[in-house]
Amino acid sequence: MNNEKIIIDADPDLSELIPGFLQHRQDDIRLISEYLEKGDFESLRILGHNMKGAGSGYGFDEISEIGALLEQAAKEKDHTEIRKQAVALEDYLLRVVVVFK
Amino acid sequence: MSILIVDDSNDDRLLLKHYLNVAGYKDVLLADSAESAFKILRLGDPSGPNIIVDLILMDIVMPETDGIKACQAIRKNVYFEDIPIIMVSVLDDIKNLQKSFAAGAVDYITKPVNKIEMVTRVRSMLRLKYEIDRRKAREKELIEMTQHLETVNEMLEHLSYFDALTGIPNRRYFEKFIDAEWKRAIRNERPISLIFLDIDNFKDINDKYGHPTGDKCLKKIAKAINKSLRRPGDFLARYGGEEFIVVLSDTVIEGAKNVAENVSAKVAEVEIIMKNTDAKIAVTISAGVSTTIPERNSSYQALINTADQALYKAKKGGKNRVFSDE
């Protein structure tokens, strides 16, 4: 795990929405943990699915990828993979820096 | 004009709404589930929605009711049969694409959503709907106009067969009627009779009392003649200014003469009372009667002529009488 910053050039149009989006992703990390504890793979699947759909739309391709892997992991009820993606998400959120052109 | 976005992902709802707002579509409604959307559209309410939704952007993967089922449910509703629904979803299964169109969706936008692509498709779909709505409204107008024209045509047709003053059949209707009866009489080898009648001294009545009074006479006399014709098949028409003609199918000369005498008597009973002078105008008619069993390829005109000649003789003979050569 490196500490390099990830710089994202964001669409200035979305300047108002991006902070909220990133906050929701932060909340997602907590939710993933809760769902996993309850064994609620369906909710995990939908969470991953939505992340997959929204990520790139906001300019965060990596979040779409994480979402896709999370969704697949939830379908397969793969605990390990799910935790791995949660960690990847957390790491990403720590390193990402948004620059509005 | 409003657009409804149905998506369980808050981030997606906001993103799509944002794209639409930026493109100029300010009226955007949000639903976080199919059930929520149904409520907004008042799907279960028989009186229908209380808002106008022109387009729906529908996510497929949603908990409980998915977008495809929601699409079907909405399209089934009578108020939303034509509403364009665009599915917006991650294309991870080609079957979803097929199912979407089978469910009635008109287009499919993949997530992650490309702003320009989405706005372009929304714009063209709204344009299409606008055109369709215009055509439907025009169609409705045309149908109403057609119905109106049909009604007016019926009225005109009626007017063209009936005398405006007396309300009884006019000459045109008479010609049509006797043509049919003549042919039938030929086919069945049955007798057909005519009574040709004329109001005595009608010109004098008009000259002395004025045309409005003359018209009043005509109306009363027509009514009296009509009343005196008891048999359902007997046909009365106004032939000319003060001339009337009666067609009696299946009737021999004695019967026709009887009818003519009845008519004459009834008309004589008609009193036209002049308001100002208390003077009473007495009216009488002269009638000529003719009958025949028509032969093949003959014309009814001959029978009219015979009746006409008989009428002439009735006039010559002193008026107020029925005459027949037969």
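The values are calculated or read from the model by the stated rules, or taken from the named source; none is laboratory data. This structure is a prediction, so every number in the text was calculated from the model and none was measured. For neighbour counting, all protein chains shown are included, and Cβ atoms are generated from backbone atoms with ideal geometry for every residue, glycine included. Ligands, DNA and RNA are stripped out before the accessible areas are found, and what is left, the full protein with its side chains, is counted by its heavy atoms. Shrake-Rupley method; radii C 1.70, N 1.55, O 1.52, S 1.80 Å.
As an exercise, identify the trypsin sites (Lys or Arg not before Pro) in segment B:38-82 lying in DSSP coil whose Cβ has no more than 15 other Cβ atoms within 10 Å.
Values: sites: B:K39, B:R42, B:K69, B:R75, B:K76; in loops: B:R42.
Counting only loop positions with at most 15 other Cβ atoms within 10 Å, the trypsin sites (Lys or Arg not before Pro) in segment B:38-82 are B:R42.
Using only the alpha carbon atoms of segment B:190-305, find the Kirkwood hydrodynamic radius as the inverse mean reciprocal pair distance, in angstroms to one decimal. Before the final figure, lay out each step's value.
On the way: mean 1/r = 0.0666 Å⁻¹.
One over the average 1/r among Cα pairs gives 15.0 Å for segment B:190-305.
So which residues of segment B:61-75 lose at least 10 Å² of accessible area, probe 1.4 Å, when you go from the chain by itself to every protein chain present?
Buried-area filter returns B:V61, B:P63.
State log₁₀ I(q)/I(0) for segment A:14-68 at q = 0.16, 0.19, 0.26 Å⁻¹ as given by the Debye formula over alpha-carbon point scatterers of equal weight, solvent excluded.
One equal scatterer on each Cα of segment A:14-68 leads to -0.46, -0.63, -1.01.
Check B:L30: other-chain or 5+ apart residues with amide H under 5 Å from its amide H, H built from backbone geometry?
Sorted by chain and number, the residues that satisfy this are B:I5.
Take the alpha-carbon centre of segment B:306-326, take the same for segment B:165-240, and report the distance between them in whole Å.
So the separation of the two Cα centres works out to 16 Å.
Take the alpha carbon atoms of segment A:12-78, find their center, do the same for segment B:73-133, and report the distance between the two centers in whole angstrom.
25
Any chance you could check segment A:16-65 for residues losing 40 Å² or more of accessible area when the partner protein chains are in, compared with the chain on its own (1.4 Å probe)?
A:L17, A:H24, A:I46, A:H49, A:N50, A:K52, A:G53, A:G57, A:Y58
Could you tell me how many degrees, from 0 to 90 and to the nearest 10, lie between the Cα long axis of helix B:171-188 and the main elongation axis, the longest principal axis, of the Cα atoms of chain B?
80
What would the Debye formula give as log10 I(q)/I(0) at q = 0.13, 0.17, 0.20 Å⁻¹ for the alpha-carbon point model of chain A, no solvent?
Listed by q, the Debye log ratios stand at -0.43, -0.71, -0.95.
Two-decimal Rg/Rh of the protein assembly as shown from alpha-carbon positions, Kirkwood Rh? Walk me through the numbers on the way to the answer.
Details: Rg = 44.7 Å, Rh = 29.5 Å.
Using Cα coordinates only, the ratio equals 1.52.
Roughly how many Å² is the accessible area per residue of segment B:167-326, as a whole number, for a 1.4 Å probe? Walk me through the numbers on the way to the answer.
Values: 8520 Å² over 160 residues.
The answer is 53 Å² per residue.
5 Å is the cut-off here: which amide hydrogens, built 1.01 Å from N in the peptide plane, fall below it relative to A:D40, excluding neighbours closer than 5 in sequence?
none
Using helices alone, what [θ] at 222 nm do you get for chain A, with -39,500 (n - 2.57) per DSSP H run of 4 or more residues, divided over all residues and rounded to the nearest 500? It would help to have the intermediate numbers written out before the result.
On the way: 4 runs with 71 residues, N = 101.
That calculation yields -23500 deg cm²/dmol at 222 nm.
Quick one: with all protein chains in place, what share of the accessible area of chain A is carbon or sulfur, to the nearest percent (1.4 Å probe)? Display every interim value, and only then the final one.
Values: 2620 of 5350 Å².
Carbon and sulfur together cover 49 percent of it.
I'd like the residues of segment B:6-26 whose 1.4 Å-probe accessible area shrinks by no less than 10 Å² going from the isolated chain to the full set of protein chains.
B:D8, B:S9, B:N10, B:D11, B:D12, B:L14, B:L15, B:H18, B:Y19, B:V22
Can you divide the C-alpha Rg of segment B:1-108 by 2.2 N^0.38 Å and report the result to two decimal places?
On the way: Rg = 12.9 Å, N = 108, 2.2 N^0.38 = 13.0 Å.
So the Cα radius of gyration is 0.99 times the expected 2.2 N^0.38 Å.
To two decimal places, what compactness ratio does chain B give when its Cα radius of gyration is scaled by 2.2 N^0.38 Å?
1.96
Which percent of the accessible heavy-atom area of segment B:114-193 goes to carbon and sulfur, probe 1.4 angstrom? Write down the numbers at each step before the final one.
On the way: 3190 of 5760 Å².
Its accessible area is 55 percent carbon and sulfur atoms.
Kindly compute the accessible surface that chains B and A hide from a 1.4 Å probe when together, both sides summed, and give it to the nearest 100 Å². Could you put the intermediate results ahead of the total?
Working: alone 18390 and 6120 Å², together 22970 Å².
Rounded to the nearest hundred, the buried surface is 1500 Å².
What percentage of the solvent-accessible surface of segment B:1-99, computed with a 1.4 Å probe over protein heavy atoms, is contributed by carbon and sulfur atoms?
Accessible surface attributable to carbon and sulfur in segment B:1-99 totals 52 percent.
With the Cα gyration tensor of segment B:70-140 giving a ≥ b ≥ c as the square roots of its eigenvalues, does the rule (a/c under 1.5 for rounded; else a/b larger than b/c for prolate; else oblate) give rounded, prolate or oblate?
oblate
As a test of the formula, what do you get for chain B when each DSSP H run with n ≥ 4 contributes -39,500 (n - 2.57) and the sum is divided by the residue count, at 222 nm and rounded to the nearest 500 deg cm²/dmol?
On the way: 10 runs with 165 residues, N = 326.
It comes out at -17000 deg cm²/dmol, rounded to the nearest 500.
Below 8 Å between Cα atoms, with a sequence gap of 6+, how large is the relative contact order for chain B in percent?
Details: 498 pairs, mean separation 40.3, N = 326.
Relative contact order of chain B: 12 percent.
Would you list which lysines come within 16 Å of B:K313, measuring only between C-alpha atoms, while excluding same-chain residues fewer than 8 positions from it?
Filter leaves B:K257.
For chain A, with a Gaussian network of springs between Cα atoms less than 10 Å apart, report the residue from A:A86, A:A68, A:A54 with the top mean-square fluctuation.
Taking springs between Cα atoms under 10 Å, the residue moving most is A:A54.
Beyond a 31 Å Cα-Cα separation, which of these cross-linked pairs lie in this structure: B:K111/B:K136; B:K176/B:K280; B:K176/B:K227? List each step's numbers first, then the result.
On the way: B:K111/B:K136 34 Å; B:K176/B:K280 38 Å; B:K176/B:K227 22 Å.
Violating the 31 Å Cα-Cα cut-off are B:K111/B:K136; B:K176/B:K280.
Would you mind listing how long segment B:48-181 runs along its three principal axes, going by Cα atoms, in whole Å with the largest first?
Over segment B:48-181, Cα extents along the principal axes are 81, 29, 28 Å.
Using θ = phi - 60° and the Karplus relation 6.51 cos²θ - 1.76 cosθ + 1.60, list the HN-Hα couplings for segment B:36-44 in order, rounded to whole Hz, with x at every Gly or Pro.
Each residue of segment B:36-44 in turn: 4, 5, 4, 5, 4, 7, 6, 5, x Hz.
Residue by residue, what Karplus-based ³J(HN,Hα) values in Hz, rounded to whole numbers, does segment B:82-95 have, using 6.51, -1.76 and 1.60 with θ = phi - 60° and x for Gly and Pro?
9, 6, x, 10, 9, 7, 10, 6, 5, 8, 10, 8, 4, 4
Could you give me the ³J(HN,Hα) list for segment A:55-62, computed from phi with Karplus coefficients 6.51, -1.76, 1.60 and θ = phi - 60°, whole Hz, x at Gly and Pro?
Once rounded to whole Hz, the list reads x, 5, x, 8, x, 10, 4, 4.
Put a dot 7 Å past each Cα toward the Cβ at B:F177 and A:V96; how far apart are the dots in nm?
9.2
Find the accessible area per residue for segment B:1-146; the probe is 1.4 Å, ligands and nucleic acids are left out, and the unit is Å². Display every interim value, and only then the final one.
Working: 7440 Å² over 146 residues.
I get 51 Å² per residue for this part.
Skipping prolines and chain starts, which residues have an amide H placed within reach, meaning under 5 Å, of the one on A:I6, given they are 5 or more residues away or on another chain?
A:V96, A:V97
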